Amino acid sequence: MYNEKVMQVFSNPQNVGYIEDADGVGKVGNAACGDIMEISLRIQDDTIVDAKFRTFGCAAAIATSSVATEMVKGMKLDEALQLTNKKVVETLQGLPPQKIHCSVLAEEAIKAAIEDYRARQAKA
Ligand code: FES
């Protein structure tokens, strides 16, 4: 069902884990499949300097988490907010149609983590 690139990333995912004392954390889920994705970010000077994920989900969810966390490292927050699931899918050289929702989780988790960071900043 998956292409070689997806299988390669799934078999050797990058950025697995959780950043202690993260600056922003985003946790999202898909009610239909029950999968959950959590992304934690380290942010300095409006730039994402580190990103990690914990994903309780399918192979596509794990592969998209890995690719998305790799892509946002080094990005300014506004740039990272532009990251779409489409770009993540392109990087994975495609996903089966029934697995596109898994990549949406990655986009949503990054956005949620940035929103969490901004909410914390507003309170500080
Ligand atoms: Fe739900 Fe992949 S099947 S995230």
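Values quoted throughout were computed directly from the atomic coordinates according to the rules given, and no laboratory measurement underlies them. Small disclaimer: the values here were computed from a predicted structure and weren't measured. With ideal geometry, Cβ positions are generated from the backbone for all residues, glycine too; neighbour counts draw on all protein chains shown.
For the pair Lys73 and Arg118, label points projected 7 Å from Cα toward Cβ lie 2.5 nm apart. Counting only alpha carbon atoms, the long axis of helix 59-72 and the longest principal axis of the chain meet at about 40°. For segment 11-85, GluC sites (Glu not before Pro) meeting the loop criterion (DSSP other than H, G, I, E, B) and having at most 12 other Cβ atoms within 10 Å: Glu20. When only Cα pairs below 8 angstrom with a gap of at least 6 residues are kept, segment 2-124 shows a relative contact order of 31 percent. Here the simple spin-label model places points 7 Å from the Cα toward Cβ, and for Glu90 and Gln14 these points are separated by 1.8 nm. Our note on the geometry: Cα centres of segment 94-117 and segment 1-61, 9 Å apart. By how many degrees, between 0 and 90 and to the nearest 10, does the Cα long axis of helix 100-123 differ from the longest principal axis of the chain? Rounded to the nearest ten degrees, it is 10.
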